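The values are calculated or read from the model by the stated rules, or taken from the named source; none is laboratory data. Quick caveat, the model's predicted, so the values are computed rather than measured. Glycine also receives a Cβ, built like all others from the backbone with ideal geometry; neighbour counts cover every protein chain displayed.
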Amino acid sequence: MIALEDFALDGNAIGGLLIEVFGTEMTTAVGTCASCGAISQVAELAVYRPALGTVVRCRNCDAVLMTFVRIRGIICVDLEGLASLT
Amino acid sequence: MAGTAVRGRLTWQTATAGSVNDETATVRTIGLDVSDWPGHRAGQHVDIRLTADDGYQAERAYSIASAPGEPLAITVERLDDGEVSPYLTEELQPGDLLEVRGPIGGYFVWEPAFGGPLLLLAGGSGIVPLRAMLRCRRSAGSSVPARLLYSSRSWEDVIYRSELDDAADGVEVFHALTRSQPPGWAGYARRVDGQMLAEVAWPVAQGPLAYVCGPTSFVEAVASGLVGLGYPAGRIKTERFGATGQ
């Protein structure tokens with residue numbers, strides 16, 4: 001039995017998607033969790049790839065930080081879980 | 001939309017498969033010919049996109065196996081339930097086309113200027129980006145001290161076997177074979193644990209730089225182990241490949 005967390009990737013895996021969305025390399029960008037305040041480089045965040053989109057979670061408290069969903073050629077981005085991304 | 005591509009942005013390019021080389025029974029290295037390839041850094045990856053006749057597309061990320069300055073190559077492990085890897089490792093022929101996007105990555109990269117001593121920890125196919133780092137170190141003539149701890153299921157599963165055995169450039173290689181070992185095996189015969197890390201890892205006082213890559217569970221265990229040895233979190237770079245079902 002494989003634990004759900006073992007399927008998690010990290011921000012490295014969505015490096016290409018992040019360049020599509022932000023126009024620049026983002027894996028070294030620093031995000032602050034709006035739920036617990038944990039600070040982390042994007043490369044080190046937990047990334048889940050459900051069939052319909054990409055979910056990025058805080059490693060400290062598991063809160064959803066970012067979601068990306070591709071619909072008819074458009075990427076919908078939700079960054080509300082982040083207090084900041086620099 | 002090649003004509004509208006903005007320099008610096010990532011665009012899909014057509015790649016022609018060149019040489020294919022079977023590293024193990026389930027792992028293959030594929031040379032990719034991309035016109036105007038901008039070059040890459042050790043540790044980066046490319047996204048590969050396949051389009052089926054019905055228009056269905058599948059995209060996957062694969063670490064670049066070659067060093068900066070060498071032709072682009074990726075090493076792919078066939079996953080039993082994979083959607084893309086069975087095609088790449090068993091059906092793709094030299095001359096076939098696929099779409100490539102990259103190089104991608106600015107976190108999990110190493111170059112000689114970063115210094116060391118360098119501690120590379122690989123689980124299974126996690127060896128791929130680390131091998132690119134070692135080839136980079138070698139081709140640059142770098143004397144940065146380097147150690148590799150490489151965990152595999154068996155000797156037959158070790159990727160780049162003969163290349164890693166050549167310690168001529170001063171890299172110390174430690175193998176951990178977790179499921180079966182050849183007769184007379186004198187290396188580690190268990191999964192990486194705290195004791196093994198304590199024996200292999202550079203002392204913290206030397207300011208080592210660690211790169212951990214492989215299945216998520218491997219990366220989590222090893223990164224925790226290094227923190228337990230006193231490695232600062234900022235000196236441990238991680239890249240997780242997910243679960244392989246092993």
*What number of residues within the stretch A:23-58 are basic (Lys, Arg) and at pLDDT 95 or above?*
1
*For the stretch A:42-52, enumerate the residues that are surrounded by 15 or more Cβ atoms within 10 Å (Cβ to Cβ) and either touching a Phe, Trp or Tyr at 6+ places or on another chain (Cβ under 6 Å) or free of Cβ contacts under 8 Å to residues at least 12 places away in the same chain (or both).*
A:ALA43
*Got at least one residue in the stretch A:64-81 being crowded, with 21+ Cβ neighbours inside 10 Å, outside any helix (DSSP H, G or I) and within 9 Å of chain B (Cβ to nearest Cβ)?*
no
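Only one residue in B:LEU164, B:LEU134 is crowded, with 17+ Cβ neighbours inside 10 Å and within 16 Å of B:PRO117 (Cβ to Cβ), so which one is that?
Numbers: B:LEU164 fails: within 16 Å of B:PRO117 (Cβ to Cβ).
Testing whether each residue is crowded, with 17+ Cβ neighbours inside 10 Å and within 16 Å of B:PRO117 (Cβ to Cβ) leaves just B:LEU134.
Looking only at strands (runs of 3 or more DSSP E) that fall completely inside the stretch B:22-129, which ones have 1 or more residues that are under 29 Å from B:ASP193 (Cα atoms) and outside the structural domain of B:LEU226 (by TED's automatic domain parsing)? Before the answer, list the steps.
On the way: elements: B:27-33, B:45-51, B:57-63, B:73-77, B:97-104, B:118-123.
Passing ranges, in order: B:27-33, B:45-51, B:57-63, B:73-77.
When the stretch A:1-32 is examined, which residues are found to be polar (S, T, N, Q) and buried (at least 23 other Cβ atoms within 10 Å of the Cβ)? Can you show your working first?
Kept after step one, since they are polar (S, T, N, Q), are these residues of the stretch A:1-32: A:12, A:24, A:27-28, A:32.
Hits for the stretch A:1-32 are A:ASN12, A:THR27.
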*Do the conditions hold for A:ASN60, that is, is it within 14 Å of another protein chain (Cβ to nearest Cβ), assigned to a loop (DSSP other than H, G, I, E, B), farther than 21 Å from B:ASP81 by Cβ and touching a residue at least 24 places away in the same chain (Cβ under 8 Å)?*
yes
*asked:* Restricting to the stretch B:83-110, name every residue that is more than 14 Å from chain A (Cβ to nearest Cβ) and surrounded by fewer than 17 Cβ atoms within 10 Å (Cβ to Cβ).
replied: B:PRO86, B:GLU90, B:GLU91, B:GLN93, B:PRO94, B:GLY95, B:ASP96, B:LEU97
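How many residues does the stretch A:6-24 hold that are at the interface with chain B (Cβ under 7 Å from one of its Cβ atoms) and either within 19 Å of B:GLY126 (Cα to Cα) or not in a loop (DSSP other than H, G, I, E, B) (or both)? Please lay out each step first, then the result.
Within the stretch A:6-24, the subset at the interface with chain B (Cβ under 7 Å from one of its Cβ atoms) is A:6-10, A:12-13, A:15-16, A:19-20, A:23.
Still in the running and either within 19 Å of B:GLY126 (Cα to Cα) or not in a loop (DSSP other than H, G, I, E, B) (or both): A:6-10, A:12-13, A:15-16, A:19-20.
Adding up the residues that qualify gives 11.
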